[in-house]
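Structure first, commentary second.
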Amino acid sequence: MKSNLENTTVKDVSRLMNTTCLQAPISTSLETLAEMLCTSERYKVYLTNDCGQMSGVIQAKQIAMEVLKLSKGKEDADEMLPAISYVLNYRQAKDLASEVVSVTVDCSLKTVLNLMDCNSIREVAVVDAEGGLIGTLEAKHILTQYLHAKKEVSL
């Protein structure tokens, strides 16, 4: 096993990747995305275009903040519920999507950590050559790899 993060690639730690990611077309309603997120332990949905390529990502927090923003200043449920309904039913993922930070399996773990640091994220999407989602790699996965490799070196 490789102990150097510069020489270790995402492929080397593929067994640590999360492959149970939430995915949806970029035209999905916010209500559908909210339901997906609320029935899952994941906190983001990766969005795909018609060709199955990654085209954005949306977090539960973004949807919640949008609902809060539109319902702010409303005095009662009669005013607040239409605002919430509008956000959830008529807005689509593409309206709030953020750019996806992604890597391929040949990327070094050092590069992955640098991307996480520069983008203030703890998870990156791992994509295939066509831009389709394979899974995600979290900072804790890289830490697990590092600790395991360190143990092997000290033996």
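What follows draws every value from the coordinates through simple rules; no lab data is involved. Note that this is a predicted model, so its numbers are computed, not measured. Neighbour counts are summed over all protein chains in view; Cβ atoms, including those assigned to glycine, are modelled from backbone coordinates with ideal geometry.
Which whole-number percent gives the relative contact order of the range 11-154, counting Cα pairs below 8 Å spaced six or more residues apart? Mind showing how you got there, number by number?
Values: 200 pairs, mean separation 38.2, N = 144.
Reported as a whole number, the value is 27 percent.
Rounded to 0.05, the FRET efficiency of the Asp50 and Lys72 pair, given R0 = 35 Å and the Cβ-Cβ distance, is 0.50.
Kindly provide the helix-only [θ] at 222 nm of the chain, computed as the sum of -39,500 (n - 2.57) over DSSP H runs of four or more divided by all residues, to the nearest 500 deg cm²/dmol? Walk me through the numbers before you get to the answer.
Values: 6 runs with 66 residues, N = 155.
Calculated mean residue ellipticity at 222 nm is -13000 deg cm²/dmol.
Residues in the range 118-126 carry Karplus couplings, in order, of 5, 9, 6, 10, 10, 8, 10, 7, 9 Hz; the curve used is 6.51 cos²θ - 1.76 cosθ + 1.60 with θ = phi - 60°, and Gly or Pro positions show x. Modelled spin labels at Thr104 and Ser85, positioned 7 Å past Cα toward Cβ, are 4.9 nm from each other.
For the range 134-146, backbone phi angles converted through the Karplus equation (6.51, -1.76, 1.60; θ = phi - 60°) give residue-by-residue couplings of 9, x, 10, 10, 9, 4, 5, 5, 5, 4, 4, 4, 4 Hz, Gly and Pro being listed as x. Relative to the longest principal axis of the Cα atoms of the chain, the long axis of helix 77-90 makes an angle of roughly 50 degrees. The residue among Val13, Ala149, Gln62 whose Cα reaches farthest toward the positive pole of the charge dipole of the range 11-154, with charges on the beta-carbon of Lys, Arg, Asp and Glu, is Ala149. Only lysine pairs 8 or more places apart or on separate chains count here, and in the range 11-154 those with Cα atoms under 20 Å apart total 16.
How would you classify the range 1-57 from its alpha-carbon gyration tensor, with a ≥ b ≥ c the square roots of the eigenvalues: rounded for a/c under 1.5, else prolate if a/b is greater than b/c, otherwise oblate? Since a/c reaches 1.5 and a/b is larger than b/c, the shape of the range 1-57 is classed as prolate. Summary of the geometry: the range 12-50 and the range 110-144, compared by the centres of their Cα atoms, lie 15 Å apart.
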